[in-house]
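Colleague: Pasting a structure below so you can have a look.
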Amino acid sequence: MTGRRAMDICKATRDYEGWLATRIRLIPQDLDRKHLAMAKDAFSFLRATFYRWMQLWSDVCPSCEDAPQVLGAGDLHIENFGTWRDIEGRLVWGINDFDESCDLPYTLDLVRLAASAHLAIGEEKLKITPRDACSSIMDGYKKCLTDGGRPFVLSEHHSWLRETVSETLRDPEKFWAKLDSLPTLKTPIPPSARTALEKLFPDSRVDYRVVHRIAGLGSLGRERYLALADYCGGKMAREAKAVAPSAVIWASRKRKSGRVRYQEVLNSAVRSCDPFVRLKGRWIVRRLAPDCSRVELTSLPKERDESRLLYSMGFEIANVHLGNVKTAKEILKDLRNRPGNWLHQAAASMVERTLKDWRAWRENAPSLSRMTTPERSETLDAV
């Protein structure tokens with residue numbers, strides 16, 4: 001699946017960002033921010049480097065590569081979960097984005113989530129042991145496959161999870177003050193982005209301004225436009241983020257092929273979807289609000305049931321993989337033939353390789369600024 005295994009991390013990053021620049025416009029200043037964030041800690045490095053994961057995956061975990069294929073999330077980690085409101089206005093919890101969704105061995109999503117838990121434990125962001133974390137993820141995953149899946153509608157069920165994430169829901173005044181502080185863009189945004197944003201407005205007569213929002217790590221460097229408005233006595237925000245084919249395509253031998261699978265995975269998963277999240281051309285558009293956000297570990301209460309939380313994350317992965325019901329039987333059969341500690345061992349192997357790359361990246365930290373300036377990227381006036 002790779003074909004570029006001998007590359008070091010810096011060369012791989014140059015190559016990936018150069019490829020990505022042929023697909024979408026990149027923002028050099030945001031790439032600089034991403035490169036610096038990658039040096040901060042190993043967990044941040046993992047979040048920002050799914051492309052590198054895909055380059056190394058089949059070499060480090062060959063026994064996981066021939067597992068049944070699913071339309072997977074790809075760039076999974078323990079902070080890629082969040083809350084939103086479904087069409088009934090109910091609070092829902094689950095995987096937050098599918099920027100890197102692609103056909104993958106089911107094992108990849110599980111190993112990546114488990115590896116992120118290993119790193120979080122090493123950085124004292126979780127208190128559970130790595131083996132127990134992997135067991136909880138695996139137990140939740142198997143239970144969901146066996147039961148046929150069920151979305152996490154917090155407004156009616158899962159009171160413990162609702163109480164856990166409720167403390168993370170952002171204070172509305174601080175949330176809107178932060179967005180209001182962003183400067184209005186002085187340059188025009190792409191017409192397709194403006195059209196995508198306006199189609200998500202409740203009223204065509206809404207008067208709005210557009211800002212550039214800096215968020216995330218894996219997608220940092222891509223165009224991300226935010227439309228802000230006052231509407232019916234309150235604030236309103238709609239975001240358009242540029243999407244590109246998954247880094248799985250870059251890591252394969254078919255670099256000119258590939259399509260964005262974001263909407264496809266939303267439609268196929270066992271999920272109570274956010275009606276405001278849609279793929280519009282080359283943009284993923286969504287509503288932003290205090291209760292529609294990614295959940296960070298640091299925002300969770302100190303006293304929490306981490307085993308249960310990881311169990312739920314494993315369950316949610318299966319909700320996504322159940323897009324093809326027939327695959328569930330194949331996966332359960334495959335799991336029965338794997339050693340009991342396969343997930344822990346695979347995650348530990350990927351963590352070891354990730355740490356090696358992170359240390360090499362940190363050694364180059366002083367020269368990271370503008371390490372890549374893809375030819376098709378342009379600078380925005382206001383970032």
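Colleague: How much length, in nm to one decimal, is gained on full extension between GLU65 and LEU179, taken as 0.36 nm per residue of separation minus their Cα-Cα distance? Write out the running numbers ahead of the final one.
Modeller: Values: separation 114, 0.36 × 114 = 41.04 nm, distance 4.25 nm.
Roughly 36.8 nm would be gained on extension.
Colleague: By what distance, in whole Å, do the Cα atoms of the chain stretch along each of the three principal axes, largest value first?
Modeller: That gives 59, 50, 38 Å along the principal axes, largest extent first.
Colleague: Note down the relative contact order for region 9-367 as a percent, whole number, built from C-alpha pairs under 8 angstrom at least six residues apart. Mind dumping the intermediate values first?
Modeller: Values: 583 pairs, mean separation 108.5, N = 359.
With pairs under 8 Å counted, the relative contact order is 30 percent.
Colleague: Ok, one more. Quickly work out the GLU88-to-GLU124 label distance, labels modelled 7 Å from Cα along the C-beta direction, and quote it in nm with one decimal.
Modeller: The answer from the label model is 4.3 nm.
Colleague: For region 15-34 and region 289-322, what is the separation of their Cα centres, given in Å?
Modeller: 30
Colleague: Put +1 on the Cβ of every Lys and Arg and -1 on every Asp and Glu Cβ in the chain; which of LEU279, LEU179, MET7 then has its Cα farthest towards the positive end of the dipole?
Modeller: Ranked along the dipole, the leading option is MET7.
Colleague: Name the residues of region 85-121 whose amide N is less than 18 Å from a point 7 angstrom out from the Cα of ASP132 along the C-beta direction?
Modeller: Of the residues in region 85-121, 114-121 have backbone N under 18 Å from the label point off ASP132.
Colleague: Lys/Arg Cβ at +1, Asp/Glu Cβ at -1, dipole of the chain taken about the Cα centre: which of LEU145, ALA215, LEU161 is farthest positive-ward?
Modeller: With unit charges placed on the Cβ atoms, the residue in question is ALA215.
Colleague: Please give the length that would be gained between LYS326 and SER268 if that part of the chain were fully extended, namely 0.36 nm times their separation in residues minus their C-alpha to C-alpha distance (nm, one decimal).
Modeller: Details: separation 58, 0.36 × 58 = 20.88 nm, distance 1.30 nm.
That pair, LYS326 and SER268, stretches by 19.6 nm at full extension.
Colleague: Same structure again: Give the residues of region 314-330 whose amide nitrogen is closer than 18 Å to a point set 7 Å from the Cα of GLU156 in the direction of its Cβ.
Modeller: Backbone N within reach: none found.
Colleague: Here's a follow-up. Quick one: dipole size for region 59-159, taken about the Cα centre, charges +1 on Lys/Arg Cβ and -1 on Asp/Glu Cβ, in debye to the nearest 20. Present the calculation step by step, with values, prior to reporting the outcome.
Modeller: On the way: 9 positive and 18 negative charges, 99 e Å.
Dipole magnitude for region 59-159 comes out near 480 debye.
Colleague: Work out how much length ARG14 to SER204 would gain on full extension: take 0.36 nm times their residue separation and subtract the Cα-Cα distance, in nm to one decimal. Don't skip to the end; give the middle numbers.
Modeller: Numbers: separation 190, 0.36 × 190 = 68.40 nm, distance 4.18 nm.
Between ARG14 and SER204, full extension yields 64.2 nm more.
Colleague: Run the lone-cysteine check on the chain: no other Cys C-beta under 4.7 Å from the residue's C-beta.
Modeller: Cysteines lacking a close Cβ partner in the chain: CYS10, CYS102, CYS134, CYS144, CYS232, CYS273, CYS292.
Colleague: Taking the Cα centre of the chain as origin, sum charge times position over the Cβ atoms of Lys and Arg (+1) and Asp and Glu (-1), and report the length of that vector in debye to the nearest 20. All intermediate terms of the calculation are to be shown ahead of the outcome.
Modeller: Values: 62 positive and 51 negative charges, 207 e Å.
For the chain, the charge dipole is close to 1000 debye.
Colleague: How far is it, in nm, from the label point at ASN341 to the one at TYR231 when both lie 7 Å from their Cα along the line to the Cβ?
Modeller: Simple spin-label model gives 5.3 nm for this pair.
Colleague: Specify, per residue and in Å³, the volume enclosed by the convex hull of the alpha carbon atoms belonging to region 242-292. Could the numbers behind the result be given before it?
Modeller: Numbers: hull volume 5.4 nm³, N = 51.
Residue-normalised Cα hull volume stands at 105 Å³.
Colleague: Additional query: What is the order of HIS157, HIS344, fewest Cβ neighbours within 10 Å to most?
Modeller: On the way: HIS157 12, HIS344 22.
The fewest-first ordering by Cβ neighbours comes to HIS157, HIS344.
Colleague: Does region 1-62 classify as rounded, prolate or oblate by the C-alpha gyration tensor (a ≥ b ≥ c root eigenvalues; a/c under 1.5 gives rounded; else a/b over b/c gives prolate, otherwise oblate)?
Modeller: Working: a/c = 2.29, a/b = 1.30, b/c = 1.76.
Verdict is oblate for region 1-62.
Colleague: Say the dipole of the chain comes from +1 at the beta carbon of Lys and Arg and -1 at that of Asp and Glu; which of LEU300, MET54, TYR311 then lies farthest toward its positive end?
Modeller: MET54
Colleague: Please list, in chain and number order, the residues 5+ apart from GLY323 or on another chain whose amide H is under 5 Å from its amide H, with Hs placed from the backbone.
Modeller: VAL270
No lab work stands behind these numbers, since they all come straight from the coordinates. The shown structure was predicted, so the numbers you read here are calculated from the model rather than taken from an experiment. Don't worry about glycine lacking a Cβ; one is built from the backbone with ideal geometry, like all the others, and counts go over all protein chains shown.
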